[in-house]
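Student: To start, I am sharing the structure in question, which I have written as structure tokens.
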Amino acid sequence: MITSQSRILCVDDDPELLSITSEILRREGYEVIKASTGNEGLRMAKQEHPDLILLDVNLPDINGNEVCKQIKADTTLTGTYVMLISGTETSSDRLVDGLGAGADGYIARPVPAKELLSRVQAMMRIRNAEKTLRESEQKYKDLLLNISGMVYRKRPDWSIEIISGSEELCGYSEEEFNSGRVSWIETIHPEDRDRGLGETAEMTAKRLHIEQEYRIIRKDGELRYLIDRKVSRFTEGIFAGVDGIVFDITERKRAEEEIKKLNKDLKCRILELEEARILSEAANRARGEFLANISHELITPLNSIIGFSQILLDGISGPMNEQQKDYAASILQGGNRLFKTLSEVVQYAGLESAEMELHADRLLLKDLLKSSLQAFNEKSLIQGVTLSLESGLPPETEIDADSAKLRQVMVSLLDNAIKFTPAGGFVRVAARRIQKPEARSQNEKEKVSELRTKDSELDADFIEISVTDTGIGIKTEDLPRLFRPFQQLEAPYTKRYKGTGLGLILAQKLIELHNGRIWVKSGFCKGTTVAFVIPMRQNKNSESRSQESE
């Protein structure tokens, strides 16, 4: 029995013979379609597309040979085999006529059932083998068509035997190459032909895989870059030619050239930036040294001015009238203000020139916060501002910090908060502990992740301190200017609040010296919060060290 059901069309005008033949085939497992005339057979063949047609030669309307010719001429019936069958037309001439009409076989009646089945099975085997071959050829053609490059096979004399995809690649058709009107070597750029393209005696001697890059000139004159991968082919030890595949790499080549150009430009830009950085650092150092020298030169005589003004006010040099006292007080007030300004400039210059050092000691946090607030008790009372401290930390909480520098940060933040808060407002200082990573909330993790922790331990606890006021607030567009040196948010001729604009930038530098981070949240007429975080423990190697220049 056959393993898969094949379809056979039986065409015979003898009902009895048609029935017998159909029954023999059905028993063997074939699907049988019947027709009794030539025209009906043609119609059924086009409709059903059978695998095999058993066609009687003598039909009442059309001769079987003519039916066979029409079937073989129909391209939609390619793969349908025809076997003529006759009980009268059995001479060799009739056999030749039938085969000449395109028949794939000829059976003379009477024929035993076993012989009929054997003939049919043999014909089906041939038909299936040819079908497999056609499918294989079609797959091969589809593969060649679907490959983006050009595939070729060359004979032992290097002439083209098979080529596919040439027209898209180089503009010349497969027919032009196959006919010999153009050779592949002619398409190669003249400068690249002399490099030896691998088709040498060495390839004829042994199996070689060769990969080459070269340029071609397309039929339309366009220059393209290709990569050619080829292998020599042998049959029974004899050189049989070369098989190869060619890809267009023009875009890749252009990209490589562009990358080289960009890399060259980038190197030049990096050198320019490095030079600019070195010059900038030198300029910053020079500026810092200049500011420090000038400030020291001013502070020395300024100490005398402040000291003698205080002596005059204290009456040590003798009594003064009220007008003289007012003059002396103005001199002292101006001197103190100038002294504070110069001190900030000197300190800023020290930070800029990387001369500032961190001297971290163990200290009680509550002492630092309380002493900082107490320093502003008188100023807050005069201005009508309420000071408060909110801390949920244990009284014994200790941190590693430079006491003087951290106190300066608190003084700067509190001074600003009170200065910009109108009477009736309040200034609140708050402190809390941010725990180690495994105990942090998501919000705390985000804050700590933004820290400048180059020298601090990432798994250390942190202290967050904030100063919140109900003052005039800051416009959103002005926030980026806060941490720029000598920047103030009011015009210098109309401002109501005194200052150099160095307070926040100094606070930022001092917090960063502690491996911390500072930030501001504010809204216009909605008050301001300035907060910073520093590690509770400073690394040993960060104590008494010079700050690295930015």
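Student: Only one of (1) farther than 26 Å from H209 by Cα; (2) open to solvent by less than 60 Å² (accessible area, probe 1.4 Å) fails for I316. Which number is that?
Tutor: So I316 meets the others, but not (2).
Student: I'd like to check something: does the range 190-206 contain any residue that is more than 30 Å from E167 (Cβ to Cβ) and open to solvent by 90 Å² or more (accessible area, probe 1.4 Å)? Even if it seems obvious, please write down each step before you answer.
Tutor: Applying the first criterion (more than 30 Å from E167 (Cβ to Cβ)) to the range 190-206 yields 201-202, 205-206.
Then drop every residue that is not open to solvent by 90 Å² or more (accessible area, probe 1.4 Å), which leaves 202, 206.
The answer is yes; a qualifying residue exists.
Student: Within the range 387-405, work out how many residues are acidic (D, E) and open to solvent by 70 Å² or more (accessible area, probe 1.4 Å). Outline the logic, then answer.
Tutor: Within the range 387-405, the subset acidic (D, E) is 390, 396, 398, 400, 402.
Filter once more, keeping what is open to solvent by 70 Å² or more (accessible area, probe 1.4 Å): 390, 396, 398.
Residues flagged as acidic (D, E) and open to solvent by 70 Å² or more (accessible area, probe 1.4 Å) within the range 387-405 amount to 3.
Student: Return a yes/no flag: does the range 254-270 have any residue that is open to solvent by less than 40 Å² (accessible area, probe 1.4 Å) and touching a Phe, Trp or Tyr at 6+ places or on another chain (Cβ under 9 Å). Show your work before the answer.
Tutor: Taking the range 254-270 as the starting set, the residues that turn out to be open to solvent by less than 40 Å² (accessible area, probe 1.4 Å) are none.
Checked the range 254-270: no residue is open to solvent by less than 40 Å² (accessible area, probe 1.4 Å) and touching a Phe, Trp or Tyr at 6+ places or on another chain (Cβ under 9 Å).
Student: Still on this structure, I have one more. Name every residue in the range 376-386 that is part of a loop (DSSP other than H, G, I, E, B) and open to solvent by less than 30 Å² (accessible area, probe 1.4 Å), in order of residue number. Let's see the steps before the verdict.
Tutor: We begin by selecting, within the range 376-386, every residue part of a loop (DSSP other than H, G, I, E, B); these are 376, 384-385.
The answer is F376, V385.
Student: Would you confirm whether any residue within the range 54-61 is among the β-branched types (V, I, T) and open to solvent by 80 Å² or more (accessible area, probe 1.4 Å)? Talk me through it step by step, then tell me what you get.
Tutor: Filtering the range 54-61 for residues among the β-branched types (V, I, T) gives 57.
With open to solvent by 80 Å² or more (accessible area, probe 1.4 Å) added as a condition, the list becomes none.
No.
Student: Here's a follow-up. Would you confirm whether or not the range 352-372 contains a residue that is open to solvent by less than 80 Å² (accessible area, probe 1.4 Å), at pLDDT below 85 and polar (S, T, N, Q)?
Tutor: Checking the range 352-372: at least one residue is open to solvent by less than 80 Å² (accessible area, probe 1.4 Å), at pLDDT below 85 and polar (S, T, N, Q).
Student: Name the single residue, out of those in the range 106-137 being in contact with an Asp or Glu (Cβ under 9 Å, 6 or more places away or on another chain) and β-branched (V, I, T), that is nearest to L17 (Cα to Cα).
Tutor: I107
Student: With respect to R277, is the statement that it is part of a strand (DSSP E or B) and over 26 Å from the mean Cα position of the chain (by Cα) true? Reasoning before the result, please.
Tutor: Working: part of a strand (DSSP E or B): no; over 26 Å from the mean Cα position of the chain (by Cα): yes.
Judged against the criteria, R277 is not a match.
Student: Of all the residues that make up the range 7-27, how many are surrounded by fewer than 19 Cβ atoms within 10 Å (Cβ to Cβ) and assigned to a loop (DSSP other than H, G, I, E, B)?
Tutor: Going through the range 7-27, the residues surrounded by fewer than 19 Cβ atoms within 10 Å (Cβ to Cβ) turn out to be 7, 13-17, 19-20, 22-24, 26-27.
From what's left, assigned to a loop (DSSP other than H, G, I, E, B): 13-14.
Adding up the residues that qualify gives 2.
Student: So, A45, is that one in a loop (DSSP other than H, G, I, E, B) and surrounded by 14 or more Cβ atoms within 10 Å (Cβ to Cβ) or not?
Tutor: Details: in a loop (DSSP other than H, G, I, E, B): no; surrounded by 14 or more Cβ atoms within 10 Å (Cβ to Cβ): yes.
No, not satisfied.
Student: Any idea how many residues of the range 35-76 are touching a residue at least 40 places away in the same chain (Cβ under 8 Å), of a type in the set (D, E, K, R) and in contact with a Gly (Cβ under 6 Å, 6 or more places away or on another chain)?
Tutor: Going through the range 35-76 one residue at a time, the tally reaches 1.
Student: Here's a follow-up. Just wondering, is there one or more residues in the range 410-421 that are open to solvent by 30 Å² or more (accessible area, probe 1.4 Å), modelled with pLDDT of 80 or more and in a strand (DSSP E or B)?
Tutor: Looking only at the range 410-421, we keep the residues that are open to solvent by 30 Å² or more (accessible area, probe 1.4 Å), and these are 411, 416, 419-420.
From the residues that got through so far, the ones that are modelled with pLDDT of 80 or more too are 411, 416, 419-420.
The next check asks that each one be in a strand (DSSP E or B); those that pass are none.
So far as the range 410-421 goes, no, none of its residues is open to solvent by 30 Å² or more (accessible area, probe 1.4 Å), modelled with pLDDT of 80 or more and in a strand (DSSP E or B).
Student: Just one of the numbered conditions (1) within 22 Å of D157 (Cβ to Cβ); (2) in a loop (DSSP other than H, G, I, E, B) is not true of S232; which one?
Tutor: (2)
Student: Can you say whether L504 is crowded, with 18+ Cβ neighbours inside 10 Å and either in contact with a His (Cβ under 7 Å, 6 or more places away or on another chain) or at pLDDT 70 or above (or both), as far as the supplied structure shows? It would help to see each step written out before you state the result.
Tutor: Values: crowded, with 18+ Cβ neighbours inside 10 Å: yes; either in contact with a His (Cβ under 7 Å, 6 or more places away or on another chain) or at pLDDT 70 or above (or both): yes.
For L504, the condition - crowded, with 18+ Cβ neighbours inside 10 Å and either in contact with a His (Cβ under 7 Å, 6 or more places away or on another chain) or at pLDDT 70 or above (or both) - is met.
Student: Moving on. Could you grab the pairs with beta carbons closer than 6 Å, sequence gap of 6+ or different chains, first residue in the range 514-528 and under 22 Å from I463 (Cβ atoms), second one surrounded by 20 or more Cβ atoms within 10 Å (Cβ to Cβ) and of a type in the set (F, W, Y)?
Tutor: These pairs meet every condition: G516/F532; I518/F532.
Student: Give all pairs with beta carbons closer than 7 Å in which a residue from the range 110-133 that is within 21 Å of L77 (Cβ to Cβ) meets a residue that is at pLDDT 90 or above and in a loop (DSSP other than H, G, I, E, B); count only pairs at least 6 apart in sequence or on separate chains.
Tutor: Correct list of pairs: M124/D51; R127/D51.
Residues checked against (1) in contact (Cβ under 8 Å) with a residue 24 or more places away in the chain; (2) open to solvent by less than 90 Å² (accessible area, probe 1.4 Å); (3) farther than 30 Å from M203 by Cα; (4) in contact with a Cys (Cβ under 6 Å, 6 or more places away or on another chain):
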| site | (1), (2), (3), (4) |
| --- | --- |
| G241 | yes, yes, no, no |
| N284 | yes, yes, yes, no |
| A328 | no, yes, yes, no |
| G334 | no, yes, yes, no |
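Student: Then there is this: Can you name every residue in the range 217-237 that is of a type in the set (V, I, T) and modelled with pLDDT of 90 or more? Let's see the steps before the verdict.
Tutor: Initially, the range 217-237 is screened for residues of a type in the set (V, I, T), giving 217, 227, 231, 235.
Hit for the range 217-237 is I217, nothing else.
Student: Related question: Among residues belonging to the range 74-98 that are within 60 Å of the chain's Cα centre (by Cα) and either open to solvent by 80 Å² or more (accessible area, probe 1.4 Å) or within 23 Å of E16 (Cβ to Cβ) (or both), point out the one that is modelled with the lowest pLDDT. Walk me through how you get there before you give the answer.
Tutor: Filtering the range 74-98 down to residues within 60 Å of the chain's Cα centre (by Cα) leaves 74-81.
Next, from what is left, pick out any that are either open to solvent by 80 Å² or more (accessible area, probe 1.4 Å) or within 23 Å of E16 (Cβ to Cβ) (or both): 75-76, 78.
Numbers: T75: 88, T76: 89, T78: 85.
Among residues in the range 74-98 that are within 60 Å of the chain's Cα centre (by Cα) and either open to solvent by 80 Å² or more (accessible area, probe 1.4 Å) or within 23 Å of E16 (Cβ to Cβ) (or both), the one modelled with the lowest pLDDT is T78.
Student: Name the residue, out of S295, S304, that is modelled with pLDDT under 85, of a type in the set (G, A, S) and either closer than 24 Å to Q408 by Cα or touching a Gly at 6+ places or on another chain (Cβ under 7 Å) (or both).
Tutor: On the way: S304 fails: either closer than 24 Å to Q408 by Cα or touching a Gly at 6+ places or on another chain (Cβ under 7 Å) (or both).
So the residue among S295, S304 that is modelled with pLDDT under 85, of a type in the set (G, A, S) and either closer than 24 Å to Q408 by Cα or touching a Gly at 6+ places or on another chain (Cβ under 7 Å) (or both) is S295.
The values are calculated or read from the model by the stated rules, or taken from the named source; none is laboratory data. Note that the structure is predicted; figures quoted are calculated from it, not measured. Glycine gets a Cβ as well: all are built from the backbone with ideal geometry, and neighbour counts include every protein chain shown. These accessible areas exclude ligands, DNA and RNA; they are computed on the full protein's heavy atoms, side chains included. Shrake-Rupley method; radii C 1.70, N 1.55, O 1.52, S 1.80 Å.
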